[in-house]
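The values are calculated or read from the model by the stated rules, or taken from the named source; none is laboratory data. Owing to the predicted nature of the structure, the values given are computational and were not obtained by experimental measurement. Note that we place each Cβ from the backbone using ideal geometry, even for glycine, and neighbour counts take in every protein chain shown. Please note that ligands, DNA and RNA were not included when accessible areas were found on the heavy atoms of the full protein model with its side chains. Shrake-Rupley method; radii C 1.70, N 1.55, O 1.52, S 1.80 Å.
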Amino acid sequence: MRRYLFFVNQPYSYAILRPLQQAIRARGDDVAWFVLGCTTAPLEKHEQLLETVNDVKNYQPEAVFSPGDWVPYFFPGLKVMVFHGLPINKRGDSDENNAHYRIRGWYDLYCTMAERDTHRFEALAARHRHFAVAHTGWPKLDAILQSARQADGNASTGRPTVFYASTFSRDVTSAPHLVETIRRLKLSGDYRFIVTLHPKMPADVVDRYREMADDNLTFIESDQSFIPFMGEADVMLCDTSSILFEFMFLDIPVVTYRTKMPGPYLLDVDDAEEVEPALRRALERPESLMTAMRELCDQLHTYRDGRSSERVLAAVDKLVANNREGLKRKPLNLLRKFKIRRRIRREQRSG
């Protein structure tokens, strides 16, 4: 039986890694979690937590999966990057300056999502020669597609369901600006709302949305996964959170408030008074909007079969079987390694 480890240092990692856990267990293998610097509250009773570095070393995982920028280099096993989000350039940087393509020297395998990012990482692999690339797809999308298949929809409500999500950054968040708009639309009874806010959202803003929870508004706490609710949505309301692109894969039109990622694939408004007309327009599913949205999805992710997790595991199997053939040793990164060990010691003491 093969053993695998999930390294978590951000709450978003749980939703990304759970489809991999399902695929690992389906083939009779074992998986454990190591959580550092964030809450373990989302872990379920059936999920195995390793609490110390010694626990990890004794566990001897064949591979360590992480969606983050770094992974403990001294953990046993292949280090596998599965990314924290779709290959979206929020800042308009060139590929060379895009953080998505930054090579920090921690990973043995990068699991890419679409043709463009695969080609870019293959070029980087040819230059650095210490990691491999596999065009697998994103594990999180497996769960998103599954949520759509499992959702009962909202036919029984007789009204459209709006899924609202907001990021926390002060210069781009819509949450403080749309509280009263969402309250008014909720009270009208014409809409049902599902609301999720970024874990770093200020507590006073979170409280204003939480207190609105009732039959017309479902509030999702930060330690809950919003994926099971996605398939219930008819339209999405957002700002500059990358979550909006995940909804597009369910063919759900998106309305944004002052987004920094505008395009023909969404309807953006500058004023709160424009939100409801935009929602009504999106619910009509105009052909130009839906076509642009679907074309963007094709650019961001190749697969729609819900089997990206299986492809990730197959890529790991191949690299392990070949004993990392053709790959050079990773750069020494002595200063960064020192900082990682210090960070882990500090986090473990504080935990």
Next item on the list: Grab the Cα-Cα distance for ARG27 and ARG127, subtract it from 0.36 nm times how many residues apart they are, and report the gain in nm with one decimal.
Entry: 32.5 nm
Next item on the list: Could you list the trypsin sites (Lys or Arg not before Pro) in segment 321-351 that lie in coil according to DSSP, counting only those with at most 12 other Cβ atoms within 10 Å of their Cβ?
Entry: LYS328, ARG329
Item checked: Residue with peak Gaussian network fluctuation, the chain [Cα springs, cutoff 10 Å], from SER225, SER242, SER188 -> SER188
Checklist line | Protein accessible area in segment 182-227, 1.4 Å probe - carbon and sulfur % | finding: 45 percent
Item checked: Extended-chain gain in nm, criterion 0.36 nm per residue less alpha-carbon gap, ASP190 and ASP214 -> 7.2 nm
Next item on the list: Rounded to the nearest 500, what is the 222 nm mean residue ellipticity of the chain from helices alone, with -39500 (n - 2.57) per DSSP H run of 4+ residues and division by all residues?
Entry: -11500 deg cm²/dmol
Next item on the list: Please find, in a Gaussian network model of the chain (springs between Cα atoms separated by less than 10 Å), the residue of GLY85, GLY231, GLY158 whose mean-square fluctuation is greatest.
Entry: GLY158
Item checked: Distance (nanometres) between label positions extended 7 Å along Cα→Cβ at ARG329 and ARG342 -> 2.4 nm
Item checked: Lys, Arg +1 and Asp, Glu -1 on Cβ, resulting dipole of the chain about Cα centre, debye, nearest 20 -> 2160 debye
Checklist line | Restricting segment 200-278 to GluC sites (Glu not before Pro) in coil, as DSSP defines it, with at most 15 other Cβ within 10 Å | finding: GLU211, GLU221
Item checked: Structure-derived P(r) over Cα pairs in 20 Å bins from 0, in percent: which label, when the choices are [x] 29, 61, 10; [y] 29, 56, 15, 0; [z] 23, 45, 28, 5, 0 -> [y]
Check: Of PHE75, PHE245, PHE83, which has the largest mean-square fluctuation in a 10 Å C-alpha GNM of the chain?
Finding: PHE75
Next item on the list: Find the accessible area per residue for the chain; the probe is 1.4 Å, ligands and nucleic acids are left out, and the unit is Å².
Entry: 47 Å²
Note to self: Give the separation of the Cα centroids, segment 295-344 to segment 132-146, in Å.
What the structure shows: 12 Å
Check: Carbon and sulfur together cover what percent of the accessible area of segment 1-89 at a 1.4 Å probe radius?
Finding: 44 percent
Notebook entry, point to check: Which angle between 0 and 90 degrees, to the nearest 10, do you get for helix 334-350 versus the longest principal axis of the chain when only C-alpha atoms count?
Noted result: 60 degrees
Check: For segment 256-309, which whole percent of the accessible surface, found with a 1.4 angstrom probe, sits on carbon and sulfur atoms?
Finding: 44 percent
Notebook entry, point to check: Mind listing which trypsin sites (Lys or Arg not before Pro) in segment 172-265 are in a DSSP loop and have 15 or fewer other Cβ atoms within 10 Å?
Noted result: LYS200, LYS260
Check: Any idea what angle helix 175-188 forms with the longest principal axis of the chain, computed on alpha-carbon atoms, 0 to 90 degrees, nearest 10?
Finding: 50 degrees
Next item on the list: Return a whole-number percent for the relative contact order of segment 1-143, with Cα pairs under 8 Å and 6 or more residues apart as the contact set.
Entry: 23 percent
Item checked: 0 to 90° range, to nearest 10: angle between helix 115-128 axis and the chain longest Cα axis -> 30 degrees
